[in-house]
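Report on one structure; see the data block that follows.
The values are calculated or read from the model by the stated rules, or taken from the named source; none is laboratory data. Treat the numbers as computed from the prediction; the structure is a model and nothing was measured. Note that we place each Cβ from the backbone using ideal geometry, even for glycine, and neighbour counts take in every protein chain shown.
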Amino acid sequence: MEAPCHATPSPQLTQAPSRLHCKHLMAAFSCHLLTRAVVLALLLAATTSSAEKETHLRFYWHDVMSGASPTVARVAEAATTNASATSFGAVYAMDDPLTEGPDLSTSRFVGRAQGVYVCAGRDSLSLLMAMNFVFTGAGAGGAYYNGSSVAVLGPNRAAVEVREMAVVGGTGTFRFARGYCQARTYSFDAKTGDATVEYNVYLRHD
Ligand SMILES: *[C@@H]1O[C@H](CO)[C@@H](O)[C@H](O)[C@H]1NC(C)=O
Ligand SMILES: *[C@@H]1O[C@H](CO)[C@@H](O)[C@H](O)[C@H]1NC(C)=O
């Protein structure tokens, strides 16, 4: 006589729920795997974009107002500029040499800072800097990012020891660049207006 199927559970019956359980587990697991795959893909995507390089550049910027061949020229002003203690409204065009060390005559030339600065502060000497660091020179390790450039746009407040300006882009080696630079006055001759400023540039780029 056949035993009622529920009387004594057959081995298949005892296995069935665990198989079912296993199936759920598998589904959960593959779902989990899928989640992990998605997370991994996202991580990879994040890594790709965070695989951008970081570069720190340090050089000296020379604003030469004196002598036979100044590297900066006042090109415009307002009617009220001469009466302003902060030269508010004056616009200067620059083609300032950049060197590896602070000494213009002996340091290795790495490029030029080309652009303009505007006396943009009415009550304090504050410059709006709009310049490109254009690299053409040689560094210690050979060519110094020859042909590449970095675009800077930011405020330069004379009274502040460390002036921070935004890097808004770049070309060549520095495509897609963003970052900031910090300027510290190395020397300033109040008689001639000649200035040497140390620039540290912190970049993230492709
Ligand atoms: C401001 O001063 C400079 C130099 O002294 C002079 O060349 C220029 O004409 C003056 N500008 C005005 C608007 O008076
Ligand atoms: C920079 O590149 C230019 C043009 O390709 C080349 O003439 C010059 O010699 C290079 N300068 C350095 C320092 O490598």
Do you know which residues across the stretch 121-133 are surrounded by fewer than 19 Cβ atoms within 10 Å (Cβ to Cβ) and touching a strand residue (DSSP E or B) at 6+ places or on another chain (Cβ under 9 Å)?
SER124, LEU125, LEU128, ALA130, ASN132
Checklist (1) of a type outside the set (A, V, I, L, M, F, W, C); (2) buried (at least 16 other Cβ atoms within 10 Å of the Cβ); (3) modelled with pLDDT of 95 or more; (4) touching a Lys or Arg at 6+ places or on another chain (Cβ under 9 Å) applied to TYR117, failing item
(4)
Quick check, is VAL160 within 13 Å of ligand 2 (Cβ to nearest atom) and either aliphatic (A, V, I, L, M) or in contact (Cβ under 8 Å) with a residue 60 or more places away in the chain (or both)?
no
Are any of the residues in the stretch 91-111 within 16 Å of ligand 1 (Cβ to nearest atom) and either farther than 22 Å from GLY137 by Cβ or part of a loop (DSSP other than H, G, I, E, B) (or both)?
yes
Among the residues of the stretch 91-103, is there at least one that is modelled with pLDDT of 95 or more and on the phi > 0 side of the Ramachandran plot?
no
Does the stretch 56-70 hold any residues that are surrounded by fewer than 19 Cβ atoms within 10 Å (Cβ to Cβ), away from ligand 1 (no atom under 16 Å from the Cβ) and of a type in the set (A, V, I, L, M), and which are they?
ALA68
Name the residue that is surrounded by the most Cβ atoms within 10 Å (Cβ to Cβ), counting only residues in the stretch 147-206 that are outside any strand (DSSP E or B) and of a type in the set (Val, Ile, Thr).
THR173
Please verify whether the stretch 132-148 includes one or more residues that are more than 14 Å from PHE59 (Cα to Cα) and hydroxyl-bearing (Ser, Thr, Tyr).
yes
If I filter the stretch 71-88 for residues that are surrounded by 14 or more Cβ atoms within 10 Å (Cβ to Cβ), in a strand (DSSP E or B) and within 16 Å of ligand 1 (Cβ to nearest atom), do I get at least one hit?
yes
Within the stretch 104-127, is there a residue that is under 17 Å from GLU198 (Cα atoms), under 18 Å from the mean Cα position of the chain (by Cα) and free of Cβ contacts under 8 Å to residues at least 60 places away in the same chain?
yes
